[in-house]
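Notes for the one structure printed next.
The values are calculated or read from the model by the stated rules, or taken from the named source; none is laboratory data. From a predicted model like this one, the values you see are computed outputs, not experimental measurements. In this analysis, Cβ positions are derived from the backbone assuming ideal geometry, glycine residues included, and neighbour counts consider all displayed protein chains.
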Amino acid sequence: MEITLEQLLEARDRRYERQLALAKEWPGRTLVCMTVVLPGPVKRDARSLKVAEAGVKAVQDVFTPVHKELYDRETGFEGFFVVDGALLDVKKACCEIENEHPVGRLMDLDVLEPVGETIVPVERERVGEPPRKCLVCGRPARECMRSHAHPFGEIEAAIDRIVGAVKKP
């Protein structure tokens, strides 16, 4: 099912409110929010569910969450994990999952830092990691996104290759 821009923005707002609430509910702990990278108007399909399942397992293989919430929504999968660990150590471990897992490029593992009355994602650069790479060409993803460097069909084919490389258990 295709979603609208309004639905996408509402989902982001709802996710931020939940992140903020969890950060307040679990002071002294580190919050990880997982979403699936799926460009285009369809945010939930067989591929996204496969990535979500693999991502939850990968996070739980590295951390023992003290609290977990998982949501399978039409606007995309959302996972919230409250873990013990220093903020930057958790970010480094999440970057390792994104970099090394077979579908890690399709996972977005945000580690959230309380700043005053808000929360902000910890940037990869703070733990010595380069920016995320483009799914198609390997250049910094933000550059290709901003310039619309690749036709949607090329992006879809890259996603299919990544997801197809994962063997079923």
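Looking at (1) in contact (Cβ under 8 Å) with a residue 40 or more places away in the chain; (2) more than 27 Å from Glu154 (Cβ to Cβ), which one does Asp108 not meet, given that it meets all the others?
Just one mismatch for Asp108, condition (2).
List the number of the failed condition for Gly28; all other conditions in (1) assigned to a helix (DSSP H, G or I); (2) without any contact (Cβ under 8 Å) to a residue 24 or more places away in the chain; (3) closer than 26 Å to Ala93 by Cα; (4) not β-branched (Val, Ile, Thr) hold.
Here Gly28 clears every test but (1).
Which ones in region 136-169 are touching a residue at least 40 places away in the same chain (Cβ under 8 Å) and in contact with a helix residue (DSSP H, G or I) (Cβ under 8 Å, 6 or more places away or on another chain)?
Passing the criteria: Ile159, Asp160, Ile162, Val163, Val166.
Table: residues versus (1) farther than 26 Å from Ile155 by Cβ; (2) modelled with pLDDT under 95; (3) in contact with a helix residue (DSSP H, G or I) (Cβ under 6 Å, 6 or more places away or on another chain); (4) not aromatic (Phe, Trp, Tyr).
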site: Leu5; (1), (2), (3), (4): no, yes, no, yes
site: Cys33; (1), (2), (3), (4): no, no, yes, yes
site: Leu38; (1), (2), (3), (4): no, yes, yes, yes
site: Ala46; (1), (2), (3), (4): no, yes, no, yes
site: Ala54; (1), (2), (3), (4): no, no, no, yes
site: Val59; (1), (2), (3), (4): no, no, no, yes
site: Thr75; (1), (2), (3), (4): no, no, yes, yes
site: Gly85; (1), (2), (3), (4): yes, no, no, yes
site: Cys94; (1), (2), (3), (4): no, no, no, yes
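Can you list residue pairs whose Cβ atoms sit under 8 Å apart, with the first residue in region 92-104 being in contact (Cβ under 8 Å) with a residue 40 or more places away in the chain and farther than 16 Å from Leu31 by Cα and the second being among the acidic types (Asp, Glu) and in a loop (DSSP other than H, G, I, E, B)? Count only pairs 6 or more apart in sequence or on different chains.
none
Of all residues in region 154-169, how many are in a helix (DSSP H, G or I) and in contact with a Lys or Arg (Cβ under 8 Å, 6 or more places away or on another chain)?
Step one: of region 154-169, the residues in a helix (DSSP H, G or I) are 154-164.
Next cut, in contact with a Lys or Arg (Cβ under 8 Å, 6 or more places away or on another chain) only: 159-160, 162-163.
So the count comes out to 4.
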